[in-house]
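Engineer: Please see the structure below; I have some questions.
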Amino acid sequence: MKTWVEKYRPRTLKEVAGNPRAIAALLSWVKEWKTGMPKKRALLLYGPPGSGKTSAAYALARDLNYDYIELNASDWRTRDVINRIVGSASRFGTLDPEREKKVIILDEVDGIHGRAEYGGLAALKKLITQSRHPIILIANDPWKLPPEFRGLTQMVEFKRINQRTVLRVLKEICRREGIAAEEKVLKIIAANSNGDLRSAINDLQALAEGRRKLTLADAELLTMRDVEIKIFDTLVRILKTESIERAREAVRESGEEPDTILKWLAENLPLEYRDPEDLARAYNYLSRADVFQGRILRRQDWGLLSYMIDLMSAGVALAKKRKYPGYTRYQYPRIFAMYAQTRGERQSLDALAEKLQGKKDAHVKIHASKRVIKEQLIPMLTLVMKHNPEMAALAASELELELKDIKLLTGDEKLAERIYRQAEEITKERMRRLAKGDRTKQVSLWEF
Ligand SMILES: Nc1ncnc2c1ncn2[C@@H]1O[C@H](COP(=O)(O)OP(=O)(O)OP(=O)(O)O)[C@@H](O)[C@H]1O
Ligand SMILES: [Mg+2]
């Protein structure tokens with residue numbers, strides 16, 4: 001199955017949405033090539049993800065009716081390739097230029113920077129000054145590149161696509177997919193995309209694929225699913241790239257907790273990596289990321305966070321021998337359904353965690369973050385509740401749990417009632433002792 005971002009990639013410059021000034025610059029550069037050699041043989045397209053840089057480069061080659069050579073600049077093999085092209089470029093005079101019409105497209109040029117072993121930039125500079133082929137360089141952040149290098153290029157800025165334009169593209173895709181979408185839904189997707197058309201289209205596909213209609217009810221779902229949709233995009237970015245930088249960025253820019261992303265990766269890896277060896281390598285990286293996470297939490301050593309992130313992003317991205325093409329339907333619909341069912345439950349757990357922290361006018365106070373309480377204490381309590389009724393009653397008394405809290409923890413009404421009754425007895429007994437002036441404390445579970 002094709003991704004909609006592939007399916008609807010603009011094929012000509014005219015089809016590239018937004019960024020009229022950039023497109024005009026590209027068109028006039030094309031004109032220069034048609035009549036001779038432009039002042040700058042290389043364009044440097046730069047700007048945020050999903051704004052159409054790569055698409056524009058290919059569209060340009062197409063509009064020129066040129067072939068193209070595509071290189072990923074952050075690929076270590078690139079230097080050799082560049083040198084070969086430089087070689088052929090200098091031999092170029094002997095060939096018939098008409099038959100050698102090629103655009104050289106180098107994506108992720110900012111990834112070259114900083115690799116000492118590389119010499120890639122030097123090769124590239126040579127290429128730019130000698131090439132008889134149009135060269136298009138692409139970067140998210142051109143300011144990482146040395147100024148003298150930038151000076152060799154004509155820089156063209158791509159800006160975030162404005163919401164109106166995103167909306168227009170989404171509408172057009174819906175029309176072509178035969179989906180009747182309420183405008184409100186599309187507006188929400190557009191607003192969420194923050195000018196990243198790729199993520200907007202991914203979101204749309206995630207929500208609308210296989211449907212005839214997209215309604216306001218889905219829009220409500222959408223705001224609720226906002227977080228999950230962002231994660232969907234993060235997964236796409238990690239799993240579909242072979243670039244270390246890209247994968248890292250995906251985590252850095254996602255705004256989600258690394259732990260959340262890690263869980264989603266663990267869930268979805270098998271859907272993407274169909275080669276068992278790739279899968280095994282990827283899980284190996286994930287498990288190492290998890291080990292780091294454990295250390296981070298135990299020692300509160302946040303300096304280790306970048307290792308965790310590298311393992312789960314770059315590690316997982318590079319675990320595959322090659323990219324898996326096409327669209328993977330990550331397992332979020334199933335998880336959404338689960339989330340939706342347990343939404344009430346999740347809220348109750350939140351409330352319980354807060355109560356244990358001593359908020360909401362309860363007395364108990366556990367000095368831990370809500371997250372630690374939810375992820376560590378509550379699961380432990382659940383185990384205790386299920387397997388050791390006596391200790392459970394003691395804990396329930398001490399933590400001033402109500403019947404509904406115990407039900408939530410045990411998931412078993414009868415058991416909860418038993419524990420609750422026993423906890424009440426323990427509490428009464430303690431009160432009686434207190435009334436008699438007995439100040440000896442009962443051994444507290446929570447003071448070890
Ligand atoms: N300006 C645009 N017009 C039409 N479609 C676009 C545009 N920008 C992005 N898209 C859609 O998003 C997809 C990804 O866009 P593209 O690869 O061109 O972005 P990019 O700017 O190169 O992003 P990145 O910096 O992440 O490489 C395209 O295949 C297309 O479906
Ligand atoms: Mg690109």
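None of the figures in this text is laboratory data; all of them are computed from the coordinates on show. These numbers were taken from a predicted model, which means no experiment stands behind them. Every residue, glycine as well, gets a Cβ built from its backbone with ideal geometry; the counts of neighbours run over all protein chains shown.
Engineer: Can you work out ³J(HN,Hα) from phi for every residue in segment 177-186, in order, using Karplus 6.51 cos²θ - 1.76 cosθ + 1.60 and θ = phi - 60°, giving whole Hz and x for Gly and Pro?
Structural biologist: Values, residue by residue: 8, x, 10, 8, 10, 6, 4, 4, 4, 5 Hz.
Engineer: In straight Cα distance, which lysines are under 27 Å from LYS39, not counting same-chain residues fewer than 8 positions off?
Structural biologist: In chain and number order, the partners are LYS14, LYS31, LYS53, LYS101, LYS102, LYS125, LYS126, LYS144, LYS159.
Engineer: So how far apart, in nm, are the two label points at LYS321 and GLU277 if each is 7 Å from Cα heading toward Cβ?
Structural biologist: In this crude spin-label approximation the distance works out to 0.4 nm.
Engineer: Pop out the ³J(HN,Hα) list for segment 293-298 in order, Karplus 6.51 cos²θ - 1.76 cosθ + 1.60 with θ = phi - 60°, rounded to Hz; leave Gly and Pro as x.
Structural biologist: Ordered by residue, 3J(HN,Hα) equals 4, x, 5, 4, 5, 5 Hz.
Engineer: Still on this structure, please answer the following. For ILE69, which sequence-distant residues (separation of 5 or more, or a different chain) have an amide H within less than 5 Å of its own amide H, given hydrogens modelled in the peptide plane?
Structural biologist: When sequence neighbours closer than 5 places are left aside, the close amide H contacts are VAL103, ILE104, ILE105.
Engineer: Also: Using R₀ = 30 Å, calculate the FRET efficiency as 1/(1 + (r/R₀)^6) where r is the Cβ-Cβ separation of GLU242 and LYS171; round to 0.05. Kindly include the intermediate steps, with their values, before the conclusion.
Structural biologist: Details: r = 33 Å, r/R0 = 1.10.
Taking R0 as 30 Å, the efficiency between GLU242 and LYS171 is 0.35.
Engineer: Still on this structure, please answer the following. Ranked highest first by average number of other Cβ atoms within 10 Å, how do 390-398, 270-278 line up?
Structural biologist: On the way: 390-398: 20.8, 270-278: 15.0.
Most protected by this proxy first, the peptides run 390-398, 270-278.
Engineer: If you take every residue apart from GLY195 with its C-beta less than 15 Å away from the C-beta of GLY195, what net charge results, scoring Lys and Arg +1 and Asp and Glu -1? Don't skip to the end; give the middle numbers.
Structural biologist: Working: positive: LYS53, LYS159, ARG160, ARG164, ARG168, LYS187, ARG198, LYS230; negative: GLU157, ASP196, ASP203, ASP233, GLU253.
Result for the neighbourhood of GLY195: +3.
Engineer: May I ask you to evaluate 6.51 cos²θ - 1.76 cosθ + 1.60, the Karplus curve with θ = phi - 60°, for each residue of segment 303-309 and list the ³J(HN,Hα) values in order in whole Hz, giving x for glycine and proline?
Structural biologist: Those phi angles translate into x, 7, 4, 5, 5, 4, 5 Hz.
Engineer: Give the calculated FRET efficiency between GLU148 and HIS367 to the nearest 0.05, with a Förster radius of 56 Å applied to their Cβ-Cβ distance.
Structural biologist: Details: r = 56 Å, r/R0 = 1.00.
The computed FRET efficiency comes out at 0.50.
Engineer: On to the next question. Please sort 189-195, 258-264, 35-41 by packing, taking for each peptide the average over its residues of neighbouring beta carbons within 10 angstrom, highest first. Kindly include the intermediate steps, with their values, before the conclusion.
Structural biologist: Details: 189-195: 20.4, 258-264: 18.9, 35-41: 12.3.
The most tightly packed comes first, giving 189-195, 258-264, 35-41.
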